[in-house]
1. Once Lys and Arg get +1 and Asp and Glu get -1 on their Cβ, which of Ile403, Thr55, Val22 lies farthest toward the positive end of the dipole of the chain?
2. Between Asp296 and Thr385, how many nm apart are label points set 7 Å from Cα along the C-beta direction?
3. Relative contact order of region 33-171: what whole-number percent is it, with Cα pairs under 8 angstrom and at least 6 residues apart?
4. Near the amide H of Tyr207, under 5 Å away, which other amide H atoms are found, from residues 5 or more places off or on another chain, if H is placed in the peptide plane?
5. Per residue, how much accessible area does the chain show when a 1.4 Å probe rolls over the protein heavy atoms, in square angstrom?
6. Residue farthest toward the positive end of the dipole of the chain, with Cβ of Lys/Arg at +1 and Asp/Glu at -1: which of Val86, Thr291, Ala335?
7. Would you calculate the separation in nanometres between label points at Glu430 and Arg8, each defined as 7 Å from the Cα along the Cα-to-beta-carbon direction?
8. Which helices, counted as full DSSP H runs in the chain, have an axial Cα extent of no less than 30 Å and a Kyte-Doolittle average of 1.0 or above?
Amino acid sequence: MNKSQVRRYVGYFIIIALAVGVISLSAGILFRRDAYNRTIGILDRANTVTWNILTSTEYDTIDDYINRIAVDDVRITIIRSDGIVVADSQADISKLDNHADRPELLSALNGVPGRSKRFSDSLGENLVYVAMPLVDLSNGSYVIRSAMSVQDIDKALGEILGRIAFTGIITFLALSMLSFLSERRIIAPLADIQKAAEAFSGGNLDYFLSIPGPEDVRVVAETLNDMAEALKYRLNEITKGKNELAAVFSSMMEAVVVLDESLSIRHINRSALKIMELPESDVYGRSLIETFMNSDLQSLAEETLASQSPVERDITFNGDRNLILHAHGTRIPPADDKTTGNAIVLVMNDITRTQHLENMRRDFVANVSHELKTPITNVKGYLETLADGVMDDPETAKRFLAISIRNADRLNAILDDLLSLSRLEQQGGEGLEFEIRPLDDIIGGAFQYCTLKSSDKGIDMRFEGEKNLLASVNTLLMEQALNNLIDNAVKYSNEGAVVTVHIEKNGGMADISVIDEGIGIPAKDLPRIFERFYRVDKARSRELGGTGLGLAIVKHIAIVHRGSVKVNSELGRGSTFTISVPLQ
Ligand code: ADP
């Protein structure tokens, strides 16, 4: 039994005990009053009868006469107005004291019937007295007083009260039993309902309420169970929807950040954390500016908060990684009509690479145009000069034509390199024929090709390293790559220098390095050296017949061989270009 049940039971008991007590008491009082009234009625009638008899009958002494006419249980006394008892049906008048102070006597002498209840010393018990005046009994004022013992009434009252108490106790027990049963039938199921309601509100919707109680309570229980079932279904639906949204949110390629009105982070998806290289744990609740450290992004968020329509802009993050994000901010007003509680969704795309590619494309177009324009302008200029009459001077004409041919060759070389590059890029190695060849063979082929130029400059060409390292190669392309590297090494070396081609095994790869002792490359140019048309010294390259595409071609040839190329260089001391290709 729990505390509230105990409280309830105690309450029932008190109410029932009070009810039974009040009923018993009222019944006792009523009975007593009725019994007394009836006794007084009897005594009144006894007085009247006695008065009639006394006033109409002859008798010797009044005391004897009274003794004769009196009935057993009614005591009749005749008292003189001065209190002297002249007759008594039950007591010896010689022994009776003066009755002048008796209240019933005083009242009767005043003309009002007197009544009194008290203990009689002469009879030794409780009596009820009723007195009425009896005027002119042989020249004097007298009072007739009847008295009756109330012992029987008190006894009967005691018995009745005992019965009432007994009935009260029985009633009390019966009512207690009834309340216990009703507690079990109604209150106990209600307690179960309360328990179930608590379980439901605590989120335990699997709690099942089974109640075999009365119909009404059962209906409530069934309704509660139905409600829990419906809630569970809805909750499941909401959870499912939420999970789906969370999955979409976290798997989005775009960086998504949800901010509250104070521009603190409420949600952030995986892409955003990855792009910004942020640890997930510290981010929630932190401010946008503190987390992203970008004032442009902060002002975009502030504008979004103040604007009705979405705001978008490219945001640049300067730092270790030059990051460009295209940010799109949307304000989400609160669900109700409140003015506060706005949220902001920032969706950001990493456009660093796209932007970089776009810049490269723009540079490339500008470079190609420029590279092609120079020889064409030259050819056009010389041909126009020839047409203008220089033709008549055969020597000059011959020189001009030779220059024009050289420029046309340059144009041709550029276009050849561009075509090679675009083929390599488009094919990506597909459709090319590969054969397994010893790499030193291919290096030998490249040496032959470069002999003329190197011997012109008195360059000492050397080969070092392992022989017979086999790789799957497209011979023409691999020769072209090595030619380009050796050609550069010769071009950018001083006369009489040494150019070494070194080959060695490096894990599963063969590293072919072209090492020169030439002018070297400044460190700042190294990261861009493999870009198309990128040259450290444009004029010098052009003068040496370079197109600025050689290294870009080398890079793509390495890629189609599933390999790579890298450079090490020190300004003024020489460069080492290394192509790595997988060994067979
Ligand atoms: P180019 O036709 O101008 O040689 P490349 O693409 O082959 O074009 O090379 C790009 C630039 O890299 C060159 O202009 C030059 O500045 C630099 N370079 C390439 N190889 C060397 C080298 N061995 N030593 C010094 N600089 C080099």
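1. Projecting each Cα onto the dipole axis, the largest value belongs to Thr55.
2. About 4.9 nm separates the two model spin labels.
3. Once normalised by length, the contact order is 24 percent.
4. Here the answer is none, since no amide H 5 or more places off falls under 5 Å of that of Tyr207.
5. Counting only protein heavy atoms, the per-residue value for the chain is 58 Å².
6. Val86
7. 8.1 nm
8. Going by DSSP H runs, the hits are 151-182.
The values are calculated or read from the model by the stated rules, or taken from the named source; none is laboratory data. Remember, it's a predicted structure, so these values are computed and weren't measured experimentally. Cβ coordinates were reconstructed from backbone atoms using ideal geometry, including for glycine residues, and neighbour counts include every protein chain displayed. Heavy atoms of the whole protein, side chains included, go into the accessibility calculation; ligands, DNA and RNA do not. Shrake-Rupley method; radii C 1.70, N 1.55, O 1.52, S 1.80 Å.
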